[in-house]
Each structure stands twice: as structure tokens, then as C-alpha cells.
């Protein structure tokens, strides 16, 4: 049986495909290793938002984030990650941060998966 | 000819009129003690953080605040956030955001892992906040009814 977390992992692994982008984009879980070159994605589960009813966890749901670090203005990866989120998650764009030291644009989406 | 008399409509009318006139004030009365539950949860998460300097932790703890409430389109808002600078001269909001969201390192060649604490604080206290608001509003409505 596939766990919900491994299902989420499989979904985000599609972001590494060259099917949609001209070059492969690395996708990491929790954090990126040293010497990682942008663009890259990092996803992480960090909370549970279960629906409780009748004194049980009637529907178990994970909450987490997926982040894109990119040097590219108007990166097409933004549209693709959001289409993937549309198809599989309840989600919202949490923040967009320009990191001045590195010139990286950091997008952060929060998702729920039940 | 049977005769039915129902009483109490005047009281209900008076209550609705009072609530319509003072609804925003009622919500604000309930919002502060309710949001303070989330505030306290956030404080506990800051105190429990690992891999954070004393300066950053003290800055977050001392600058965590409730904003003044404001209303937009009939919705009352209050922000729980951070203000000012810590003893290292770094804005506390920048420290909070870097912990909540993670960030790249200065050379852009690696990544500092995120450790969300404000969003989980809100998630974990949502039910308590709703319950607290219901309790306070119920008490305030009873006060209005008693005149």
C-alpha cells in the first residue's frame, strides 16, 4: 500500500521531468544539499490538518510546502507547479521573496493533501 | 374564537437592533482573548526552537505582538507578528520569516531548511480560538439581554 507521503513524493517528482522543461529541475525533500544550483524545488510535510468527527480522525490530511528557488523572472515552473497543485491539492501561494544576497526569487506554496 | 398570544418579539427585536449597532465592537471584544491563544502557542514554539541563537530567540519573544484591530469589508482583522530589531541589529520579522520559510545561503549554493512555527501555531489553535470567540460572544449577548 502506498502511503500518502509517498504519493505526494511521486507527484512532486514529476517536477523533475524534462517533459515540461528544457532542462531537468532538481526536486528535494526537506532541504537541498550543498553546492545546489538554482533552479530547484524543495518540498516538505510539516503539519497535520485532519478532519475529526465522532472522536476519531475521520479524514487524515497532511499539510506542507513546496518552494521554488529560481534566478528566472516569470519562470514557467510557476505555472507548472500550480497546475500540478490544482490537480492534486488544496493550496495557496504563501509568499514570494526576493533574496537580495543571491538574486534568487523564492516562491513558497502551502498545500493540503487528504 | 381562539386567541393566541406570543410574547418576546420586542425583546428579540431589541436584541437584533443592539447587535446590528454594536456587532463590530462585540467581535473585537471576543477577538483579543481568542487570538491570544494563538499568540501564546507561537511563544511556546519560539521557546522550543532548536538551532537558534539567544539573540534571535529573545528578539522574537520580546517583539511578538498583537496588532491594532482593523475592519475591511465587514471582516475584523488582527495581526500577530513581529516588530523592531534584535540585539544583533537584525529585524525580528526577517528572522521570523527566514525560520518560517527557509532561505538560500549567502553564496546561493545551498539552502537553510525551513522550520514553520507561525502557521502550525494557527493550525493547532484554530478550534480553541473559535470556541473562545463563541463563549465570549455568548456572554456578551447575555449581558445585552439582561440590559
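With both partners inside chain A, how many of the DSSP beta bridges are antiparallel, as a percent to the nearest 5?
Working: 29 of 33 bridges.
Roughly 90 percent of the DSSP beta bridges within chain A come out antiparallel.
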- Message: For the protein assembly as shown, give me the percentage of DSSP beta bridges that are antiparallel, rounded to the nearest 5 percent.
- Response: 90
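Which value at 222 nm does the protein assembly as shown reach when only helices count, each DSSP H run of 4 or more adding -39,500 (n - 2.57), with the total divided by all residues and rounded to the nearest 500 deg cm²/dmol? All intermediate terms of the calculation are to be shown ahead of the outcome.
On the way: 6 runs with 111 residues, N = 261.
Value at 222 nm, helices only, nearest 500: -14500 deg cm²/dmol.
Give me A:14, B:106 sorted ascending by neighbouring Cβ count inside 10 Å, so fewest comes first.
Details: A:14 14, B:106 10.
By the 10 Å Cβ count, ascending: B:106, A:14.
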- Item | chain A: most fluctuating residue of A:68, A:15, A:104 per GNM, C-alpha cutoff 10 Å | A:104
- Using alpha-carbon positions, the gyration tensor of chain B gives root eigenvalues a ≥ b ≥ c; with a/c under 1.5 called rounded, otherwise prolate if a/b exceeds b/c, else oblate, the class is prolate
- Task: Evaluate the distance, in nm, between pseudo-label points positioned 7 Å from the Cα of residue A:48 and of residue B:40 along their respective Cα→Cβ axes.
- Result: 2.4
- Query: Where does helix B:118-146 land angle-wise versus the long Cα axis of chain B, in degrees 0 to 90, nearest 10?
  - Reply: 20
- Query: Which one of B:51, B:86, B:73 has the biggest mean-square fluctuation once chain B is modelled by GNM with Cα springs under 10 Å?
  - Reply: B:73
- Message: Roughly how far apart, in whole Å, are the Cα centres of region A:67-114 and region B:1-61?
- Response: 33
- Query: Using Cα atoms only, what is the angle between the long axis of helix B:54-63 and the major principal axis of chain B, expressed in degrees (0 to 90) to the nearest 10?
  - Reply: 20
- Task: Please order B:88, B:57 by the number of other Cβ within 10 Å, starting at the fewest.
- Result: B:88, B:57
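Rule-based calculations on the coordinates, nothing more; no lab input. For clarity, every value in this text was computed on a predicted model and none was experimentally measured. Neighbour counts are summed over all protein chains in view; Cβ atoms, including those assigned to glycine, are modelled from backbone coordinates with ideal geometry.
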